[in-house]
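K.L.:
Below you will find the structure I want to go over with you.
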Amino acid sequence: MNRFAVLLVVLLVLASLGGGPASARSADSRPAASLTKDGDRWTLEFTFDADAPAWGFVHSAQMRDGQPQWRQQQWRVDTPGVYLDRLGFRDVLRSRDGGPVPRTVRLTVTPGHARVAASYDPALVFSDGSIALFSGQFDVFPVSVIDEVKDMPEDLNGTELGAEPTRVTWRDTEGPILFKGERREAVTEQDAQTYVLFGRSSAVEHEAMATVIDPETPQWIQYEIGSYAPTVTAYYAAEFGATPSVRPTVMAAWKGPTPGMSSMGGSVLPGLIVASFEGADVVDPTDDLRTMIRWFIGHEAAHFWLGHTVRYEYARDMWITEGGADLMAIRALSAANSDYDGLAALQQEVDDCVELTKDRGVVTASERNEHRAYYACGAVISLAAEASQRRLNGGDAFDFLRPLIVDNSDAVLTRDEWLSQLDRTSGDARLRQAVQQLLDHGSEDPAATVADLFTLSGVGHHRMEGRVILDE
């Protein structure tokens, strides 16, 4: 076989795998998507820049409690020969015959509530008919070999996807959309990291931030958001000596007075806190509910610094941001309200961490759908770091975090950087080892491991009936 024939065979093999055309893309090539709302009809069209037997979605959050995946419920593929599938942790568009997916694929979308686990809600649905969509749900990447996507980790940080962020266009034929605080006829952007609001709801301007709140949200919740969010944001700014780079906005949806339920969930994006509330049990305020709302706002606002100014490197390290934000929220609420029982909140973190690390590590919690471990154990570890800082110079959790946030040059707070800061404050390598044990493996006796962590760092505690009890 001559050299030309060999080259031709190689190219044919690459093309059959979907790798040849994808690798030949120009440097500025990227997939594109266009979402158009026309009355009650939502049309989504993808334009792919390479031939591939499948295209995977970067954001493919699992549903809580084993519910059906939200895309399969809300997206319908209209292009013949293409279907939506779930492979491992990923939603994918793939061709029915195994060949390349057509370069243009059209779908009909019906946005709705979806209770996803530890991720951004794909949609916030407001009672006045307005809908806010998470921008990242449209990011796609080419899949050259179908079997490989089945083995992809849930966390794609550090994974080479072979595609730039998708260039997305949003438009509404009935009027301007709200994008990053501004009404615009249409928007085209990649890696927007925000929610795009379709409909009549508009931002209400406050001195320190703006709010977009479902008008059916109980009035007391609206008041708490409007009053406490600016207060806690200012508290964090004073502690870190800096304000968020983007003027904050709070976007809150009301899912209705569902009987027997008391639910609040949220997330944070650059300059944006997203919240949703649901349940008959939150319609009327109580002291406990007011505290819960304020703690929730404090946790999400903390992410403007710990989660946005700096972010974790891999999703398995979200204990850094989630546990740290828990402790920040507790400290901020204690400073604002002398009647708040911060010790009880911390005790719950300790109890939950012990329960969730019996013979299993924190870093694999998402694989077990035990995301609470990142929050509880992250708070426990942050509490130990705070105690070490206090032993060193009388400081607190903010003093421990300040150099990691303010002096961070690449906006990524790695596990090793966090643990190295712990080494500097504690001067005891055994403390780092105890933290790593809890993170990577858990323990046969997690209460003993947590107690050791507290003893080494100086957190006041005692043991009682198998529990680790925090001292006053």
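The values are calculated or read from the model by the stated rules, or taken from the named source; none is laboratory data. On a predicted model such as this, the values are computed, not experimentally measured, just so you know. When we count neighbours, we look across all protein chains shown, and the Cβ atoms used for this are built from the backbone with ideal geometry, even at glycine.
K.L.:
Got a sec? Which of ILE225, ILE221 is in contact (Cβ under 8 Å) with a residue 12 or more places away in the chain, within 29 Å of LEU289 (Cβ to Cβ), part of a helix (DSSP H, G or I) and within 22 Å of the chain's Cα centre (by Cα)?
P.N.:
That would be ILE225, the only listed residue that is in contact (Cβ under 8 Å) with a residue 12 or more places away in the chain, within 29 Å of LEU289 (Cβ to Cβ), part of a helix (DSSP H, G or I) and within 22 Å of the chain's Cα centre (by Cα).
K.L.:
Of all residues in region 303-322 being farther than 17 Å from GLU239 by Cβ, touching a Ser or Thr at 6+ places or on another chain (Cβ under 8 Å) and crowded, with 22+ Cβ neighbours inside 10 Å, which is modelled with the highest pLDDT?
P.N.:
Looking at the filtered set, the residue picked out is ASP317.
K.L.:
Taking region 84-124 on its own, how many of its residues are among the hydroxyl-bearing types (Ser, Thr, Tyr) and more than 27 Å from the chain's Cα centre (by Cα)?
P.N.:
Looking only at that region, the number is 2.
K.L.:
Then there is this: Which one of these does ALA210 not meet: (1) loosely packed, with under 15 Cβ neighbours inside 10 Å; (2) within 29 Å of GLU174 (Cα to Cα)?
P.N.:
So ALA210 meets the others, but not (1).
K.L.:
Touching a helix residue (DSSP H, G or I) at 6+ places or on another chain (Cβ under 7 Å), buried (at least 22 other Cβ atoms within 10 Å of the Cβ) and over 19 Å from ASN369 (Cα atoms) - does that describe any residue in region 117-133?
P.N.:
Checked region 117-133: no residue is touching a helix residue (DSSP H, G or I) at 6+ places or on another chain (Cβ under 7 Å), buried (at least 22 other Cβ atoms within 10 Å of the Cβ) and over 19 Å from ASN369 (Cα atoms).
K.L.:
So which helices (runs of 4 or more DSSP H) stay within region 366-463 end to end and still have 2 or more residues that are touching a His at 6+ places or on another chain (Cβ under 9 Å)?
P.N.:
Working: elements: 372-393, 397-406, 415-426, 429-440, 446-457.
Of the helices (runs of 4 or more DSSP H) lying wholly inside region 366-463, those with at least 2 residues that are touching a His at 6+ places or on another chain (Cβ under 9 Å) span 446-457.
K.L.:
Follow-up. Determine whether region 79-92 contains at least one residue that is without any contact (Cβ under 8 Å) to a residue 24 or more places away in the chain, within 23 Å of LEU156 (Cα to Cα) and aliphatic (A, V, I, L, M).
P.N.:
Yes, because at least one residue in region 79-92 is without any contact (Cβ under 8 Å) to a residue 24 or more places away in the chain, within 23 Å of LEU156 (Cα to Cα) and aliphatic (A, V, I, L, M).
K.L.:
Looking at the structure I just gave you, is ARG391 basic (Lys, Arg), more than 20 Å from ASP326 (Cβ to Cβ), out of contact with any Asp or Glu (no Cβ under 7 Å at 6 or more places or on another chain) and free of Cβ contacts under 8 Å to residues at least 40 places away in the same chain? Give the derivation first.
P.N.:
Working: basic (Lys, Arg): yes; more than 20 Å from ASP326 (Cβ to Cβ): yes; out of contact with any Asp or Glu (no Cβ under 7 Å at 6 or more places or on another chain): yes; free of Cβ contacts under 8 Å to residues at least 40 places away in the same chain: no.
No: the conditions fail for ARG391.
K.L.:
Which condition from (1) touching a helix residue (DSSP H, G or I) at 6+ places or on another chain (Cβ under 6 Å); (2) acidic (Asp, Glu); (3) without any contact (Cβ under 8 Å) to a residue 12 or more places away in the chain is the one that ASP147 breaks?
P.N.:
Failed condition: (1).
Condition check ((1) out of contact with any His (no Cβ under 6 Å at 6 or more places or on another chain); (2) of a type outside the set (Lys, Arg); (3) closer than 30 Å to ASP399 by Cα) across all residues:
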position: ARG184; (1), (2), (3): yes, no, no
position: THR188; (1), (2), (3): yes, yes, no
position: LEU197; (1), (2), (3): yes, yes, no
position: ALA203; (1), (2), (3): yes, yes, no
position: ILE221; (1), (2), (3): yes, yes, no
position: ILE225; (1), (2), (3): yes, yes, yes
position: ALA253; (1), (2), (3): yes, yes, no
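K.L.:
Still on this structure, I have one more. List every residue pair whose Cβ atoms lie under 7 Å apart, where the two residues are 6 or more positions apart in sequence or sit on different chains, the first residue falls within region 446-472 and is within 15 Å of SER388 (Cβ to Cβ), and the second residue, located anywhere, is surrounded by fewer than 20 Cβ atoms within 10 Å (Cβ to Cβ) and acidic (Asp, Glu).
P.N.:
Going by the 7 Å Cβ cut-off, the qualifying pairs are LEU456/ASP428; GLY460/ASP471; HIS461/ASP471.
K.L.:
Name the residues in region 100-147 that are of a type in the set (A, V, I, L, M) and assigned to a loop (DSSP other than H, G, I, E, B), would you?
P.N.:
Result: VAL101, ALA114, ALA117, ALA118, VAL145.
K.L.:
Among the residues of region 148-193 satisfying the criterion of being out of contact with any Phe, Trp or Tyr (no Cβ under 7 Å at 6 or more places or on another chain), hydroxyl-bearing (Ser, Thr, Tyr) and in a loop (DSSP other than H, G, I, E, B), which is surrounded by the most Cβ atoms within 10 Å (Cβ to Cβ)?
P.N.:
So, considering only residues that are out of contact with any Phe, Trp or Tyr (no Cβ under 7 Å at 6 or more places or on another chain), hydroxyl-bearing (Ser, Thr, Tyr) and in a loop (DSSP other than H, G, I, E, B), the one surrounded by the most Cβ atoms within 10 Å (Cβ to Cβ) is THR159.
K.L.:
Say we look at region 271-302 and pick out the residues that are polar (S, T, N, Q) and in contact (Cβ under 8 Å) with a residue 12 or more places away in the chain; which of these is surrounded by the most Cβ atoms within 10 Å (Cβ to Cβ)?
P.N.:
SER276
K.L.:
Can you name every residue in region 306-354 that is of a type in the set (S, T, N, Q), more than 26 Å from ASN408 (Cβ to Cβ) and not in a helix (DSSP H, G or I)?
P.N.:
ASN337, SER338
K.L.:
Okay, next question. Among the residues of region 427-458, count how many are on the phi > 0 side of the Ramachandran plot and either surrounded by 14 or more Cβ atoms within 10 Å (Cβ to Cβ) or not assigned by TED's automatic domain parsing to the domain that holds GLU417 (or both). Show your work before the answer.
P.N.:
Our first condition is that a residue be on the phi > 0 side of the Ramachandran plot; within region 427-458, this holds for 427, 442, 458.
Next, from what is left, pick out any that are either surrounded by 14 or more Cβ atoms within 10 Å (Cβ to Cβ) or not assigned by TED's automatic domain parsing to the domain that holds GLU417 (or both): 442, 458.
Total meeting the criteria: 2.
K.L.:
Hey, another quick one. Does at least one position in region 283-298 carry a residue that is among the small types (Gly, Ala, Ser) and more than 12 Å from the chain's Cα centre (by Cα)? Break it down into steps so the answer makes sense when it comes.
P.N.:
Going through region 283-298, the residues among the small types (Gly, Ala, Ser) turn out to be 298.
Checking the rest, the ones that are also more than 12 Å from the chain's Cα centre (by Cα) come to 298.
Yes, the conditions are met somewhere in region 283-298.
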